[in-house]
Amino acid sequence: MFRNKSGEFSWVDFTIDVLRVLIVLAVVVGAWNTLSSGRISLAQWVNLLAAGLSQGSIYALIALGYTLVYGILLMINFAHGEVFMAGAFSAFFLAEALNRTGFLNEQPLLSILLMFMFAGLISMTVAVLVERIAYRPLRGSPRLVPLITAIGASFFLQYAFRGLYGSNFKAYPQVRALQGALQIGDISIPVTQIFVFCSALVLMFGLHWLVERTRIGKAMRAVSENKEVARLMGIDIDWVILFTFGVGGFLAGAAGVINGLFRPQGVNFYMGFIPGIKAFTAAVLGGIGNIPGAMLGGLFLGVIEAIGPNLVLAGLGIPGANQLKDVIAFTMLVLVLIFRPQGILGERLSETKA
Amino acid sequence: MANLNPAGVFDTSYAQDLRIDRTPRDKLWKNLAFIALLLLPLLSHSSPLGLAWISDQYVSLVARVAIFVIAVQGLNLLVGYTGQISLGHGAFMAVGAYGSAILARELGFSFWVALPVSALLTGAVGLVFGLPSLRVKGFYLAMATLAAQFIIPWALRYPMADLTGGTRPLSVPAPIIGPFAAYAEDALGIDDPLQFTAGDAYFVDVITVVLPPHTGKAPRIEIINPSGDVVPYGDVNVNLLMDGYGNLHSLSYIASKHGDYRVGLVAEDGDEDMPALVRRGKALSFASDIAMYYLIVPLAVLLMFVARNIIRTRTGRAFISVRDNDLAAELLGINVFATKLRAFFLSSVYAGVAGCLLAFERNSLALQMFELDVSIEMLAMLIIGGAGFPLGAMFGVTFIRLLQEAIIPTLRPLLSDWLPQLFPFIDVVNITSAINPILFGGALMLFLVLEPRGIAHRWEIFKVAWKIRPYSY
């Protein structure tokens with residue numbers, strides 16, 4: 001402790017170690033206070049956990065987009081939150097149309113599947129266009145440059161959607177099949193949450209299959225290993241990168257639909273920003289560039305966001321702890337970057353990658 | 001062609017390479033440009049010369065461009081020269097703006113003291129948010145500075161709402177020099193108002209009410225304007241001074257309109273007898289646009305010059321080496337972390353000065369002036385103008401402001417004409433309100449793809465081409 005690798009005393013390491021101890025203490029004390037006060041019953045904890053898992057699975061789906069692109073290009077797609085927004089926004093119009101014809105409630109499964117496909121395709125198109133226009137011409141340039149184009153692209157997309165559809169929130173129509181709750185003993189879990197979690201699981205398994213079992217998946221892994229050698233093996237790098245952006249976009253679009261069905265306040269042009277940052281946090285948390293890491297990181301972040309304020313912050317006597325949900329994600333990001341930059345499952349980030 | 005050297009200016013010594021003015025002609029042009037800038041407001045409608053050749057709004061437009069040139073030049077030191085990204089520059093401007101406004105309102109600091117103090121304060125805040133640059137780079141640093149963009153406005157809005165007015169706009173007194181000339185003292189009792197006459201646009205009456213030390217609630221100071229209304233507290237150009245007990249102690253009121261004003265004391269609890277002292281005198285005021293212009297523009301030119309010189313120093317060369325290769329810089333004996341922090345500090349000081357000037361130029365502050373959009377806008381201005389070029393900030397801000405103030409207003413009627421015909425589902429109101437940021441994001445992307453070195457690079461090419469015309473060699 002308090003020493004760097006060469007064994008000398010270092011103030012930076014000292015501060016970080018002190019910080020580490022303080023954080024562990026705060027978490028333990030807060031949790032102990034809350035648990036011993038018994039303010040929240042077991043059923044409520046289970047409910048929080050379920051809500052956290054379903055929110056986390058949305059984060060995980062978005063985080064997969066970040067991590068896929070990072071794995072291949074070592075670049076963070078800042079505009080990914082807007083890809084998510086594009087899918088959620090366009091599926092809103094489809095949902096409205098389906099609802100007007102009554103199809104949505106007659107064939108809920110089919111129409112939700114339709115919405116997934118539609119939102120996925122729109123998001124895929126947006127992601128691919130962003131790659132083609134904003135990233136590909138800059139592939140060899142310094143790392144700061146694609147980041148700034150990404151900011152430009154995300155600004156452009158946000159306001160393009162605002163220009164097209166206005167700045168109001170638009171709420172998805174209610175799907176009757178997703179109403180109600182599943183009752184187990186004295187614990188009741190809303191069906192929407194179960195649906196969100198299950199559909200996210202299906203999509204994640206689909207991605208896993210795609211990456212591990214198909215030819216294009218093998219090509220993706222090869223490109224992320226070494227672009228030059230992959231090119232020598234006859235892999236079309238540009239196509240693989242485009243495909244990766246497309247897959248990430250599809251997952252983000254599907255996440256957009258899930259988010260729309262899950263959150264009653266609806267969609268607007270700015271909705272992608274905060275989930276985008278949180279999903280990025282999740283990707284870093286799990287170890288950026290690592291697919292199972294992104295899934296795990298997303299679920300983990302969702303659960304921490306749901307339980308953390310009630311367990312730790314309330315226990316420490318901080319008022320309005322649930323209002324601090326958004327701050328938790330930022331704090332987690334900073335803590336992960338300080339204490340374990342490689343994330344839960346990731347390999348250590350070398351100097352050049354960070 | 002292979003062995004021919006192009007014509008043009010060539011350096012024969014290191015000193016020449018380092019010079020700011022490479023040729024006497026450069027110097028001449030720069031001086032002419034500066035003189036032209038100084039002459040500009042004299043041609044406007046409200047100038048004392050009465051020429052009225054250009055509209056007044058251009059004077060304040062140029063002043064506002066100059067303010068943003070200062071802020072973006074700060075960003076240039078950080079992003080362009082040191083290679084550290086910051087998405088929190090707008091929030092740093094907010095620190096400078098609110099810092100100086102609070103110093104002037106609550107502590108009665110004059111503008112001339114509030115400016116450097118708030119700039120240093122902003123520098124200190126910038127240092128804090130620059131600390132993550134020790135461990136993280138690139139996108140992660142962008143995230144850490146983005147946190148500044150969330151934390152600072154939040155802090156100004158909620159915990160410091162008493163000082164900043166929270167979501168309500170905060171009024172800021174105009175800078176003055178003085179008071180001097182005909183400095184007179186009068187006694188001011190309760191219910192015994194004092195009459196005074198407001199000055200013209202350049203010289204104002206400054207009324208300072210000095211209350212004796214007291215323990216109870218301070219008497220209210222009421223100012224009645226020429227039409228007989230009590231001037232609302234928030235709208236008054238006031239400097240407040242507090243005594244040791246935190247009570248309102250003194251108030252300077254700068255009348256902004258012509259006419260007879262009255263100032264009186266109104267006791268808050270009971271009619272305790274409290275004779276106050278009133279000092280009054282004339283002061284040179286910067287309330288008018290033209291006066292503000294002569295304050296801002298020379299300061300902006302000076303700060304551009306300072307930034308140019310910082311780059312020529314040891315510190316500036318350290319900035320560039322950290323940007324180009326931090327590992328190599330460390331091997332050369334440069335303390336990379338200290339260099340990064342220095343860049344963060346300098347950059348925030350520039351942002352603080354810009355924020356302070358913005359506060360005193362607008363006379364009113366609102367938190368919406370410093371949101372994330374502003375930070376991104378400034379980054380875009382820098383990239384479009386040319387990051388890492390001394391004149392990049394100037395080109396970028398001028399280009400974007402031209403786009404916003406000249407091109408978009410002419411485009412808007414056109415858009416609202418043909419867009420609904422092409423896309424019937426589009427609401428015209430929506431698209432015209434969003435056209436600014438859309439063009440902005442688009443311009444940022446296009447510039448990075450097509451001309452990543454920005455307008456400044458094009459300008460260098462143009463200068464060389466002009467110098468050696470009509471032969472390319």
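The values are calculated or read from the model by the stated rules, or taken from the named source; none is laboratory data. Predicted model, so just to flag it, every value in this text is computed and none were measured. Please note: Cβ atoms are built from the backbone with ideal geometry, for glycine as well, and neighbour counts cover all protein chains shown. Accessible surface is based on the protein model in full, side chains and every heavy atom, while ligands, DNA and RNA are left aside. Shrake-Rupley method; radii C 1.70, N 1.55, O 1.52, S 1.80 Å.
Around residue B:22, what is the net charge, scoring Lys/Arg as +1 and Asp/Glu as -1 over all other residues with Cβ under 14 Å from its Cβ?
With Lys, Arg at +1 and Asp, Glu at -1, the net is +3.
Taking each residue in B:447-453, count the Cβ atoms of any other chain within 10 Å of its Cβ, then average. What number comes out?
For peptide B:447-453, the averaged partner shielding equals 5.
Using a probe of 1.4 angstrom, how much of the accessible area of the stretch A:107-186 is carbon and sulfur, in percent?
Here it works out to 66 percent.
I'd like the residues of the stretch A:153-172 whose 1.4 Å-probe accessible area shrinks by no less than 50 Å² going from the isolated chain to the full set of protein chains.
The answer is A:155, A:156, A:159, A:163, A:164.
At most 15 other Cβ atoms within 10 Å and a DSSP loop assignment: could you name the chymotrypsin sites (Phe, Trp or Tyr not before Pro) in the stretch A:165-198 that fit?
Answer in residue order: A:169.
Starting from the Cα gyration tensor of chain A, take the square roots of the eigenvalues, sort them a ≥ b ≥ c, and report rounded, prolate or oblate (rounded when a/c is under 1.5, otherwise prolate if a/b is larger than b/c, else oblate).
Oblate shape, in that a/c is at least 1.5 and b/c is the bigger or equal ratio.
Per residue, how many Å² of accessible area does chain A show with a 1.4 Å probe?
Using a 1.4 Å probe on heavy atoms only, each residue of chain A averages 46 Å².
Ignoring ligands, DNA and RNA, how do A:198, B:356 rank by accessible area with a 1.4 Å probe, largest first?
In descending accessible area the options line up as A:198, B:356.
Could you pull out every residue, at least 5 positions away or on a different chain, whose amide H is within less than 5 Å of the one on residue A:74? Hs are placed 1.01 Å off N in the peptide plane, and Pro or chain starts have none.
Those lying under 5 Å, H to H, from residue A:74: there are none.
In whole Hz and in residue order, list the ³J(HN,Hα) couplings for the stretch A:102-117 that follow from phi through the Karplus curve 6.51 cos²θ - 1.76 cosθ + 1.60, θ = phi - 60°; x for Gly and Pro.
Working through the residues one at a time gives x, 5, 4, 8, 6, 10, x, 5, 5, 6, 5, 4, 4, 5, 4, 4 Hz.
Give the long-range amide H neighbours of residue B:171: residues separated by 5 or more places, or on another chain, with amide H under 5 Å away, using H modelled in the peptide plane at 1.01 Å from N.
B:365
Who wins for biggest fluctuation among A:133, A:72, A:122 in a Gaussian network model of chain A, springs between alpha carbons below 10 Å?
The residue with the greatest mean-square fluctuation here is A:133.
Given labels modelled 7 Å from the Cα in the Cβ direction, how far is it in nm from residue A:229 to residue B:163?
Here the answer is 5.8 nm between the modelled labels.
Heavy-atom accessible surface, probe 1.4 Å, ligands and DNA/RNA ignored: which residues of the stretch B:413-446 lose at least 50 Å² versus the isolated chain?
B:430, B:437, B:438, B:445
Can you tally the net charge around residue B:455? Count Lys and Arg as +1, Asp and Glu as -1, for every other residue whose Cβ sits under 14 Å from the Cβ of residue B:455.
Spelling it out: positives minus negatives among the neighbours equals +2.
Residue B:308 to residue B:22: extension gain in nm, 0.36 nm per residue of separation minus the Cα-Cα distance?
101.6 nm
Can you give the mean number of other chain Cβ atoms that lie within 10 Å of the Cβ atoms in peptide B:140-147?
5
How big is the gap, in Å, between the Cα center of the stretch A:28-79 and the Cα center of the stretch A:185-208?
14
What longest region of chain A stays clear of GluC sites (Glu not before Pro) that DSSP places outside H, G, I, E and B and that have at most 14 other Cβ atoms within 10 Å?
It works out to A:9-346.
Suppose R0 equals 22 Å. What FRET efficiency, 1/(1 + (r/R0)^6) with r the Cβ-Cβ distance, do residue B:12 and residue B:469 give to the nearest 0.05?
0.40
If you add up the charges near residue B:64, with Lys and Arg at +1 and Asp and Glu at -1, over every other residue whose beta carbon is less than 15 angstrom from its beta carbon, what do you get?
-3
With the cut-off at 32 Å, tell me which of the pairs A:278/B:340; A:170/A:278; B:340/B:467; A:227/B:137 have Cα atoms farther apart than that.
With Cα atoms farther than 32 Å apart: B:340/B:467.
Enumerate the calculated ³J(HN,Hα) couplings along the stretch A:296-304 in order (Karplus 6.51 cos²θ - 1.76 cosθ + 1.60, θ = phi - 60°), each rounded to whole Hz, writing x wherever the residue is Gly or Pro.
5, x, x, 4, 4, 5, x, 5, 4
At a probe of 1.4 Å, how much accessible area disappears from chains B and A on forming the pair, both sides counted, to the nearest 100 Å²?
3500
Under a 5 Å amide H to amide H cut-off, with H placed in plane at 1.01 Å, what residues pair with residue A:181 once short-range neighbours are removed?
Under 5 Å from the amide H of residue A:181: A:191.
Per residue in the stretch A:120-150, which ones lose no less than 40 Å² of accessible surface when going from chain alone to all protein chains (1.4 Å probe)?
So the qualifying set is A:144, A:147, A:148, A:149.
Hey, with R₀ at 51 Å, roughly what FRET efficiency would residue B:366 and residue A:32 work out to, going by the Cβ-Cβ distance, to 0.05?
Calculated value: 0.70.
Step through the residues of the stretch B:396-411 one at a time and calculate ³J(HN,Hα) from phi using the Karplus curve (6.51 cos²θ - 1.76 cosθ + 1.60, θ = phi - 60°), rounding each to whole Hz and writing x for Gly and Pro.
x, 5, 4, 4, 5, 5, 4, 4, 6, 9, 10, 7, 5, x, 6, 6
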